[in-house]
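Chemist: Pasting in a structure now, in structure tokens, and then I'll have a few things to ask.
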Amino acid sequence: PLKFLLRLPVTVEATRDHLQSGTDNIEVAGRISAYLDGTSVTNQLRWQSFGDAKSADGTLQLSRRVGDIGLRSQINYTLKPESKLTGITLSADKRLAAGYLLNLGLNHSFDTPETRYTAGVSKRMGSFGLGISASYSNRGELAAGVQLFMAMGREPRKSEWLFDALPKADSGAASVRVFLDKNMNGQMDAGEEPINNVGVTVNGGRHPSRTDAAGIAWLGRLPVKQNVDIAVDTMTLEDPQWSPQPKGVRLVPRPGNVAQLDFPVIMTSEIDGTVYLVEKDTRRGIGDVLIELVNSEGKVVATAKSAYDGYYIIAAVPPGTYIIRISPEQIKQLNLTDTGTRLITVLPDGTFVNGIDFSLLPDTSKDSPMPAQF
């Protein structure tokens, strides 16, 4: 029982307006909700005081789902100046095929008294929204209505209009293009191929859109006026050696504006080898050695640690010329010396670079080896 009470959300609000006439308008409202055996229960109470006039009323709401049918009821009542029921509403909905929703309802007012029956079919999925409704009152009143609504957006790369059943004007959008950048200039040139069926992540979560045959994916309903991180979902790239450059982009979407983002994909390579420890006349593989990959600017761009048998592998290395070395700090800490750094070139065709081995020896001198030069 105590755990149940701790899970009851309670809201209380109070307002007081003091008018120039000297009269105070005071309102106190409270709401409590619970979830019992699949049924949601909410009760709201409101007390008002305006001068000498005082009133209190409330609303009790219940809802639950039975299979694919949603059931809801609402009871309106007053407590002051007198206690009585003022109205009751019953409704049910059922999802149909193709995104359509069927609604049936009944509303009875005890004050009038009047009973109104309603029925409707609505659609809020796909390229357009549709609402058809009808109602009948026991007073003989009959009403019917039809609503058609549609939101439009333009894909700037293909000059195509996109239609949707839900509003778009208050959200941002992006046109993402993914292609294989063979010459690695960051631009899609003639002859370079778009990549189909590539997924995209938005703020780390997978977006339902995927690139089409033109390598383009439309990202709609992006949150506006805040940072949004967009990246290629590398798990959807068909070749494990493909790597997007850049990995991701951060932007601030604007309402009604379409950002155009390009994600060039390049072919990467792998570098492997073995690190040996040479002692006297024996040579054996040594683990937990830190290998560093240094670019032409002298920046360490990738690292790897050797396994127990000395084997290491550096994956997803972009084309270029690099120095590969054992970490100088680790060599110094272990009082070792190595046989020098290696100068390697990774080709754009993704060819693996194999057999880049290192031999570590006890440091018997104070001289350090000369680094390789570009």
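Chemist: Mind checking the log10 I(q)/I(0) for segment 45-117 at q = 0.20, 0.28 Å⁻¹? Debye, one equal scatterer per Cα, no solvent, two decimals.
Modeler: -0.88, -1.19
Chemist: Ranking request for peptides 257-266, 294-303: highest mean number of other beta-carbon atoms within 10 Å first, then the rest in descending order.
Modeler: Working: 257-266: 18.9, 294-303: 12.2.
Those peptides, ordered most packed to least, come out 257-266, 294-303.
Chemist: As a footprinting exposure proxy, order Lys94, Lys182 by other Cβ within 10 Å, with the fewest listed first.
Modeler: Values: Lys94 13, Lys182 16.
With the fewest neighbours first, Lys94, Lys182 line up as Lys94, Lys182.
Chemist: So, one more: For a 26 Å ceiling on Cα separation, which of these pairs sit above it: Lys158/Lys247; Lys168/Lys225; Lys299/Lys332; Lys123/Lys158? Could the numbers behind the result be given before it?
Modeler: Working: Lys158/Lys247 24 Å; Lys168/Lys225 15 Å; Lys299/Lys332 20 Å; Lys123/Lys158 28 Å.
Flagged as over cut-off: Lys123/Lys158.
Chemist: Label points 7 Å out from Cα along the Cβ direction at Gln187 and Ala53: separation in nm?
Modeler: Placing both labels 7 Å along Cα→Cβ, they lie 7.3 nm apart.
Chemist: Over the Cα atoms of segment 224-345, compute the convex hull volume and normalise it per residue, giving Å³.
Modeler: On the way: hull volume 18.9 nm³, N = 122.
Given the Cα convex hull of segment 224-345, per-residue volume reads 155 Å³.
Chemist: Now a separate question. Taking 20 °C and 1.002 mPa s as the conditions, I'd like the Stokes-Einstein D for segment 155-267 in µm²/s, using the Kirkwood hydrodynamic radius from alpha carbon pairs.
Modeler: 149 µm²/s
Chemist: Same structure again: Points 7 angstrom from Cα along the Cβ direction at Leu334 and Leu148: gap in nanometres?
Modeler: Taking the simple label geometry, Leu334 and Leu148 are separated by 7.5 nm.
Chemist: Just to confirm a number: summing +1 for Lys and Arg and -1 for Asp and Glu over residues other than Glu270 whose beta-carbon lies under 14 angstrom from that of Glu270, what do you get? Write out the running numbers ahead of the final one.
Modeler: Values: positive: none; negative: Asp239, Asp272, Asp349.
The answer is -3.
Chemist: Then there is this: Loop-only chymotrypsin sites (Phe, Trp or Tyr not before Pro) in segment 164-244, please: DSSP not H, G, I, E or B, and at most 13 other Cβ atoms within 10 Å. Intermediate values should be presented prior to the final figure.
Modeler: Numbers: sites: Phe179, Trp218, Trp242; in loops: none.
Listed in order of number, the matching sites amount to none.
Chemist: So, one more: Could you list the GluC sites (Glu not before Pro) in segment 141-237 that lie in coil according to DSSP, counting only those with at most 10 other Cβ atoms within 10 Å of their Cβ?
Modeler: Values: sites: Glu141, Glu160, Glu192; in loops: Glu141, Glu192.
Answer in residue order: Glu141.
Chemist: Could you tell me which chymotrypsin sites (Phe, Trp or Tyr not before Pro) in segment 60-167 are loop residues by DSSP with no more than 13 other beta carbons within 10 angstrom of their beta carbon? Please list the in-between numbers first.
Modeler: Values: sites: Tyr77, Tyr100, Phe110, Tyr117, Phe128, Tyr136, Phe149, Trp161, Phe163; in loops: Phe110, Phe128.
Taking segment 60-167 and a limit of 13 other Cβ atoms within 10 Å, the loop chymotrypsin sites (Phe, Trp or Tyr not before Pro) found are Phe110.
Chemist: With Rg/Rh (Cα atoms, Kirkwood Rh) in mind, check [x] 1.01; [y] 1.11; [z] 1.22 and report the label derived from this structure.
Modeler: Given [x] 1.01; [y] 1.11; [z] 1.22, the structure-derived one carries the label [z].
Chemist: Give the separation of the Cα centroids, segment 281-331 to segment 160-181, in Å.
Modeler: 43 Å
Chemist: Taking segment 2-149, how much of its Cα-Cα pair set, in percent, is spaced more than 18 angstrom apart? Write down the numbers at each step before the final one.
Modeler: Details: 7735 of 10878 pairs.
Summing the P(r) tail past 18 Å for segment 2-149 gives 71 percent.
Bear in mind that the values in this text are calculations on the coordinates, not laboratory data. These numbers come from a predicted model, not from an experiment. Reconstructed Cβ throughout: ideal geometry from the backbone, glycine too, with neighbour counts over all protein chains shown.
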